[in-house]
Every structure is written in structure tokens, then in C-alpha cells.
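**Q** This is the structure I want to talk about, given as C-alpha cells.
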Amino acid sequence: MRRQWKRNAVVATVLLFVCAAVYLNWRYAGEAAVDQAAEVSAQQQEQNGDSTKVLGDAALVDGQVVSGQEEDATAVSNYFDTARLSRQQSRDNALSLLREAAEQEGAEQAAVDEANQTIQTLAGYSVLENQIENLVIAKGYADCVAFMGENGISVVVSAAEDGLQTEDVAKITDIVLSETEYTADQIKIMEAN
């Protein structure tokens, strides 16, 4: 009896850590978008010597010479690629730990059921995030990445030159509301600069 209790405690602890890791990654990824955009802006200002851009300025990005707006687009595009990769790696790690917990010999059925339910939830998040990203891009935005969690969703979009407007926020909010069960106060929409 005591041995079985220890196994269940280990499984519950692993589940708790996995859920915490997924949540922290979700929170960090939303904040990282803002931080990375600020960092790119600061690097550009440092590179140019001030906050103004001169037409014809070029910079080396990923081994290729790009200029002005191409550099901005490359930095933002790299953010979206990095964010998706980070999200996928975090989910893969969490799923691996959950599968191990569910397949652990002698694990209590309640712990196995909880692990399997969490796996299904994470899989559902992946599908919904992909749907939301595709629908936002279909509305005319250059790129988008969504991060779903238990208590809310963050959507980062690449907006037009004039920035994210109220009508843009309304369009994106409508998409999220129609695809998920989140309420409007659980939706966080940010612009990647």
C-alpha cells in the first residue's frame, strides 16, 4: 500500500511540474514577444546611431545582406518561427513526461487518467492554436502565433505599418471567441514589432 502511494505521489508530482512548465512557457512566450521586439528595435537604433532610418542602409542578417524594411520583416519573421519552435519543444517535453507517467508500471488508474486527460488537452491546444493562426493570417495579417493555456490565450500578430488598430483587435478577438471557449477578458492580443 505504501509503495503504491509513493508511485502515485511521484506521478502527481510529475504532472504538477509538467503543467507548471507548460504554463510558464506560455507566460514567458507572451512576454518574450514584447521583449524581443524591444530588443530588435534597440539593436536597430544602435546600428543606425539614432532612431531614424536612412534609405539604402543595409545590414547582414543570417549571412545575407538585407536593407531597411526587409531587415524588420526578417526579425519579426524570425520571432514567429522561434516562438512556434519553442512552443512545440515545450509541448513535446511535456507530452513525453506525461506519457512516461501514464505508462509507469503500477501507477494508480486515477493518475493515469489524469495524465491522459492532460495529453488530450495539450493536443487540443495545438490544433486550436494552429486553426487560430491560420484564420488570423487569412484575414490579411502577415503572420501570427497563438499560445493557449488553461486560463487564457495570447495572440501575437504582425500588424501593418500603422500598428494594431481597434478593428484589428476586434477581428482577432472574434476569431478566438468563435474557435474557443475563452471569454473576451481571457484573450490577450499583442503586436510584434
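Values in this text are rule-based calculations from the coordinates and carry no lab data. The shown structure was predicted, so the numbers you read here are calculated from the model rather than taken from an experiment. Don't worry about glycine lacking a Cβ; one is built from the backbone with ideal geometry, like all the others, and counts go over all protein chains shown.
**Q** Name the residue farthest towards the positive end of the dipole of region 85-144 from the options Leu97, Ala123, Cys144, assuming +1 on Cβ of Lys and Arg, -1 on Cβ of Asp and Glu, about the Cα centre.
**A** Ranked along the dipole, the leading option is Cys144.
**Q** Still on this model: Could you tell me the calculated FRET efficiency between Gln88 and Gln186, based on Cβ-Cβ distance and R0 = 22 angstrom, to the nearest 0.05? Mind showing how you got there, number by number?
**A** Working: r = 23 Å, r/R0 = 1.03.
Calculated transfer efficiency: 0.45.
**Q** Shifting gears a bit: With a 10 Å radius around each residue's Cβ, average the other Cβ atoms per peptide and rank 161-174, 106-119, highest first. If you can, show how the numbers build up before the last one.
**A** Values: 161-174: 13.0, 106-119: 15.6.
In decreasing order of mean packing, 161-174, 106-119 become 106-119, 161-174.
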